[in-house]
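Comments concern the structure below.
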Amino acid sequence: MKQTFRYDQTSCRLQLEGLPDVSVGHSGAVIGILTGWSLQWTGRPELEGRKEHLMALMQVVLPYARQLISGVDRPVGGADLPVEIRGNSGNAASDRGNSGGGHRLQLRSSQPDTPPLEVLLDDAELADLVRVLDQVRLDGRVTLSWEMPDPQPLRTRELLERIPLRRRLAAPLGGVVVLAVSAGLGWLVPPPAPLKPVAPAERAAPAAANEAPVASPP
Amino acid sequence: MVQTLPVQHPDTLPVGGVPLPRRGVERLDLMLLAVEALDLNGGEAMVWMSEQLGFSGLFPNRVELWKRRCHNPLRRNTRRGSLDEAETDALIRILCALADRLYPMLRALLSQAEPEPLSRQRWALFEARLAELLNERMNPRRGGVQKLLDPQAGADQRRRLIQALALGAGPGGFERMRASLRDAAP
């Protein structure tokens with residue numbers, strides 16, 4: 001018997017359709033075989049696809065959300081994957097990072113000659129999407145394997161990426177400039193003349209000149 | 001047949017065995033403070049949520065809960081030592097559950113579809129309340145506290161606090177939040 005599960009949030013609704021996998025003993029309200037899914041957004045085209053597409057969406061959106069909690073908005077996905085998400089800050093050197101700038105979700109169709117679909121999400125819509133995907137992933141009635149790695153702490157190098165390159169380079173570059181200027185100024189100061197060796201006679205003469213003058217008789 | 005669902009929480013925890021780093025303790029307490037700034041009864045809600053989640057053994061009363069939060073080095077009266085894993089996990093679970101409860105408010109703050117004056121008014125209210133709590137409980141000589149209190153320089157950080165709460169609010173939020181608070185020191 002066909003099953004339909006629906007997961008709702010304010011800006012989106014995800015609907016799964018499938019069947020219980022009787023070969024592994026499923027019965028009743030369980031989806032073991034996914035026949036299709038659809039994601040409806042408010043004011044945007046509806047997305048549909050197979051299990052692989054939903055998995056690709058999860059594998060990109062959830063790690064991106066994980067990074068955002070740490071303040072890192074590095075793009076996830078790529079040209080070789082059907083889904084990609086990146087911050088909409090535009091300029092990577094922006095001091096404000098992606099805060100409030102939104103997120104650009106790009107979905108590439110497997111159909112030839114179909115241009116990719118780009119969806120611009122604000123922070124609230126991204127949070128809704130993450131909640132919906134979490135609900136599906138953790139729903140005990142959906143017995144599909146999503147192949148999602150556990151969230152991991154970020155390494156120092158990954159965290160440094162959240163600081164704009166300009167700001168990261170400012171301190172070392174400033175140090176190099178100060179060192180170069182100091183060295184340049186040092187070269188401008190003339191070196192002191194070397195001391196000439198003084199002969200013993202010359203050394204005695206000033207000593208005699210320093211003696212108190214003897215008063216001459218009138 | 002259309003059904004909506006009750007979501008189960010994962011029992012498996014991906015990372016563990018090490019105490020939360022200093023920076024993680026700071027962020028955890030700041031996010032709990034942000035929850036208090038959003039909810040005037042946040043302190044009470046925290047105690048209530050702790051009981052609801054079955055942490056009465058770890059935090060038998062509000063004083064014990066407050067003492068654990070005082071391990072934040074940014075506090076005026078900070079406590080030495082470190083929190084053990086069970087305590088930090090419990091605090092993170094309480095934080096995620098409170099964020100889930102406040103999700104409509106978090107969403108309203110983050111949404112760009114909201115009318116601009118209303119959104120500005122909500123942010124002003126949150127920021128005023130957060131500044132009040134920061135001045136009351138945190139050490140104002142700390143650079144991190146000064147930055148968070150700065151109307152311009154701290155705006156980005158305050159928004160990130162709200163964004164982190166929103167993304168940690170869902171059923172999978174605990175795992176994400178826990179991993180994030182264990183990030184390496186930058």
Task: B:Leu130 over 26 Å from A:Met148 (Cβ atoms), surrounded by 21 or more Cβ atoms within 10 Å (Cβ to Cβ), away from chain A (no Cβ under 14 Å) and not acidic (Asp, Glu) - done: yes
Open item on the list: If B:Leu83 meets every condition in (1) at pLDDT 95 or above; (2) in a loop (DSSP other than H, G, I, E, B) apart from one, which number is that one?
Closed with: (1)
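Which of the following residues is in a helix (DSSP H, G or I) and of a type in the set (D, E, K, R): A:Arg6, A:Arg66?
That would be A:Arg66, the only listed residue that is in a helix (DSSP H, G or I) and of a type in the set (D, E, K, R).
Can you tell me which of B:Gly144, B:Gly172 is surrounded by 16 or more Cβ atoms within 10 Å (Cβ to Cβ), facing chain A (nearest Cβ under 8 Å) and not basic (Lys, Arg)?
Answer to the check: B:Gly172.
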TODO: Filter the helices (runs of 4 or more DSSP H) completely within segment B:120-184 down to those with at least 2 residues that are in contact with a strand residue (DSSP E or B) (Cβ under 9 Å, 6 or more places away or on another chain).
DONE: B:143-149
TODO: Among the numbered conditions (1) within 14 Å of chain A (Cβ to nearest Cβ); (2) within 18 Å of B:Asn72 (Cα to Cα); (3) of a type in the set (Val, Ile, Thr), tell me where B:Ile162 comes up short.
DONE: (2)
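Condition check ((1) at negative phi; (2) among the small types (Gly, Ala, Ser)) across all residues:
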residue	(1), (2)
A:Cys12	yes, no
A:Leu19	yes, no
A:Gly25	no, yes
A:Gln40	yes, no
A:Leu47	yes, no
A:Pro63	yes, no
A:Ser70	yes, yes
TODO: Hey, could you check segment B:88-119 for residues that are within 11 Å of chain A (Cβ to nearest Cβ) and outside any helix (DSSP H, G or I) and say which is modelled with the highest pLDDT?
DONE: B:Ser111
- [ ] Could you please give the count of residues in segment B:147-159 that are surrounded by 15 or more Cβ atoms within 10 Å (Cβ to Cβ) and more than 7 Å from every other protein chain (Cβ to nearest Cβ)?
- [x] 6
- [ ] Output the residues belonging to segment A:110-142 that are assigned to a helix (DSSP H, G or I), at the interface with another protein chain (Cβ under 7 Å from one of its Cβ atoms) and of a type outside the set (Gly, Ala, Ser).
- [x] A:Asp123, A:Val130, A:Arg131, A:Asp134, A:Gln135, A:Arg137
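So that you can scan it fast, the table gives a plain yes or no per residue for (1) surrounded by 13 or more Cβ atoms within 10 Å (Cβ to Cβ); (2) within 29 Å of B:Pro104 (Cα to Cα); (3) in contact (Cβ under 8 Å) with a residue 60 or more places away in the chain; (4) more than 14 Å from chain B (Cβ to nearest Cβ):
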| position | (1), (2), (3), (4) |
| --- | --- |
| A:Tyr7 | yes, yes, yes, no |
| A:Thr42 | no, yes, no, no |
| A:Ala56 | yes, yes, no, yes |
| A:Arg66 | yes, yes, yes, no |
| A:Arg108 | yes, no, no, yes |
- [ ] Would you check if A:Ala180 is farther than 30 Å from A:Ile33 by Cα, loosely packed, with under 12 Cβ neighbours inside 10 Å and either facing another protein chain (nearest Cβ under 8 Å) or modelled with pLDDT of 90 or more (or both)?
- [x] yes
Open item on the list: Within segment A:87-103, does at least one residue satisfy the condition of being free of Cβ contacts under 8 Å to residues at least 24 places away in the same chain, within 9 Å of another protein chain (Cβ to nearest Cβ) and more than 23 Å from B:Gln157 (Cβ to Cβ)?
Closed with: no
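The values are calculated or read from the model by the stated rules, or taken from the named source; none is laboratory data. All figures in this text were calculated on a predicted structure; none of them were measured in a lab. No Cβ is skipped: glycine too gets one built from the backbone with ideal geometry, and neighbour counts run over all protein chains shown.
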